[in-house]
Amino acid sequence: MPIKVSKNEWMALSAEQQTQIAGIIDTNFAGQTIEPAEGGTAIVQVGSVCEIACDVAQSAAISECKKLPFGRSICIAIAKEAGSYCRDQC
């Protein structure tokens, strides 16, 4: 599932920074991609084992995002959206 993110914010990052954020998301949410879009946002509006696994993956991704010296906010927003999508699939 492509996660739509603000094109302006995404394009403000260098290609290397975009790759690093995409890697964090892919490592924690296999198969999810990032799609810059006009007006796109990566903002998210205790359960089953599946939901718990999604929560853990989201937390791990957010933890990695917080280590970045750039683009933390967008990386965290994408991780939250990926977590939401993951839980919706449970």
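Here are a few things to note about the model shown:
- Spatially proximal aspartates and glutamates relative to K7 (Cα-Cα < 17 Å; intrachain offsets below 8 disregarded): E16, E35, E38, E81
- For I3, the residues whose amide H sits under 5 Å from its own are T33, I34, E35, ignoring neighbours fewer than 5 places away on the same chain, with H placed 1.01 Å from N.
- In the chain, helices alone account for a calculated mean residue ellipticity at 222 nm of -19000 deg cm²/dmol, with every DSSP H run of four or more residues adding -39,500 (n - 2.57).
- 13 Å beta-carbon shell around T33, net charge (K/R +1, D/E -1): -2
- Three-way shape call for the chain based on the alpha-carbon gyration tensor, with the a/c threshold at 1.5: prolate
- Rounded to the nearest Hz, the phi-derived 3J(HN,Hα) couplings of the stretch 73-90 under the Karplus curve 6.51 cos²θ - 1.76 cosθ + 1.60 (θ = phi - 60°) are 4, 5, 4, 5, 4, 5, 4, 5, 5, 5, x, 5, 4, 4, 5, 5, 8, 6, where x marks glycine and proline.
Just so you know, all these numbers are worked out from the coordinates, no wet-lab data involved. This one's a predicted model, so the numbers in the text were calculated from it and none came from an experiment. Here Cβ is always computed from backbone atoms with ideal geometry, including for glycine, and neighbour counts include all displayed protein chains.
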